[in-house]
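The values are calculated or read from the model by the stated rules, or taken from the named source; none is laboratory data. Since the structure is predicted, the reported quantities are computational estimates derived from the model, not experimental observations. Cβ sites come from the backbone with ideal geometry, for glycine too, and all protein chains shown count toward neighbours.
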Amino acid sequence: MDQVTSAPGTGDFAQAELTVPADVRYLVIIRRFIHEAAQVLGAATKSIDDLVQAADELATNAILHGYRGQLGWIEVAVRPAGGDLLVILRDQAPPFDPRLVPEPDLSLPLERRPVGGLGVYLSRILTDEIRYHALPAGGNEVILVKRGVRAAK
Amino acid sequence: MTLRIQTLGDQVWTIAPRGRLDLPAARAMEDALNELCNAGRARVVVDLSEVDYMASAGLKALLTGLRRARLLNGDVRLAALHERVRDVFEMSGFDQVFRTFPTPDEAVQSFAECGP
């Protein structure tokens, strides 16, 4: 049998996509989808868990603080790029660049510790890079990057 | 997600969430912590032995519960954190805020030993 460089359907042109309503009850679907797609694309378990949580945090924010109860959609895509894995989140909520959220001060005492911003902070720690684009027609695109997590074929 | 609440000698209450603590599940846990505090039951152990995922919403729910419990001279103590959950606690600095124990029994016992 000839040696192949990557399994069919898992090369750089492979992309799995999901669209769900902007409703927190669908967060479980988003997490499962990313988990399954990342597994198909050969990502390591720890990296999958990190990407799943980072995406869960940012999708939660988009639903709660972006859409604020308005009807809308969250689009999720999982895409390979060489040894890297990308999770792309898109929404049509007002512009919000997660890279601009200040880091919470974790040294503050309990009484003064703010509870906001923690999700964005975790999503930064759990990924290698976060890219952001305001979509031309309105809405946001956030790309979560995890580097070198796909097994060499 | 399911949530089991039980008391041990009416002194210490245990909440045992099961599954993944995402936003909806965290809201249920926050409600449970609030109800205990409303009833003056402020010595609480959260048994995390069956929780394999903790979103920031879960951290916030625990912190809100902890603040209320301490105002009532109680505490919220955590037990049996999975490695993944422990990682999230450390990343967010919450390991400095909560007292954690290897088992629920040890967490319950800690209230008897040194209060509050």
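In the set B:V76, B:V88, only one residue is within 14 Å of another protein chain (Cβ to nearest Cβ) and not in a helix (DSSP H, G or I); that residue is B:V76. Within the stretch A:16-47, the residues that satisfy the criterion of being within 16 Å of B:D22 (Cβ to Cβ) and β-branched (V, I, T) are A:V20, A:V24, A:V28, A:I29, A:I30, A:I34. The combined condition, being among the aliphatic types (A, V, I, L, M), within 14 Å of chain B (Cβ to nearest Cβ), in a helix (DSSP H, G or I) and out of contact with any strand residue (DSSP E or B) (no Cβ under 8 Å at 6 or more places or on another chain), is fulfilled by A:V120.
Applying the criterion of being under 25 Å from A:L41 (Cα atoms) and of a type in the set (G, A, S) to the residues of the stretch A:130-153, the residue that is modelled with the highest pLDDT is A:G148. Of the strands (runs of 3 or more DSSP E) lying entirely inside the stretch A:1-94, those carrying at least 1 residues that are out of contact with any Gly (no Cβ under 9 Å at 6 or more places or on another chain) and among the aromatic types (F, W, Y) are A:73-81. Checked against the criterion of being surrounded by 23 or more Cβ atoms within 10 Å (Cβ to Cβ) and modelled with pLDDT under 95, the candidates A:L27, A:L41, A:L51, A:L85 yield just one match: A:L41.
Exactly one residue among A:D105, A:D23, A:D56 is of a type in the set (D, E) and in contact with a Pro (Cβ under 9 Å, 6 or more places away or on another chain), and that residue is A:D105. Within the stretch B:37-73, how many residues are of a type in the set (A, V, I, L, M), within 9 Å of chain A (Cβ to nearest Cβ) and outside any strand (DSSP E or B)? Residues that pass the stated criteria total 5. I'm told A:L58 meets every condition in (1) more than 12 Å from the chain's Cα centre (by Cα); (2) within 13 Å of chain B (Cβ to nearest Cβ) except one. Can you identify the failing condition by its number? Every listed condition holds for A:L58 apart from (1). Can you name the condition, by its number, that B:L33 falls short on among (1) outside any helix (DSSP H, G or I); (2) more than 12 Å from every other protein chain (Cβ to nearest Cβ); (3) in contact with a helix residue (DSSP H, G or I) (Cβ under 7 Å, 6 or more places away or on another chain); (4) not aromatic (F, W, Y)? With respect to (1) outside any helix (DSSP H, G or I); (2) more than 12 Å from every other protein chain (Cβ to nearest Cβ); (3) in contact with a helix residue (DSSP H, G or I) (Cβ under 7 Å, 6 or more places away or on another chain); (4) not aromatic (F, W, Y), B:L33 is out only on (1). When B:E35, B:E30, B:E50 are checked against the criterion of being in contact with a strand residue (DSSP E or B) (Cβ under 7 Å, 6 or more places away or on another chain) and among the acidic types (D, E), B:E50 stands alone in meeting it.
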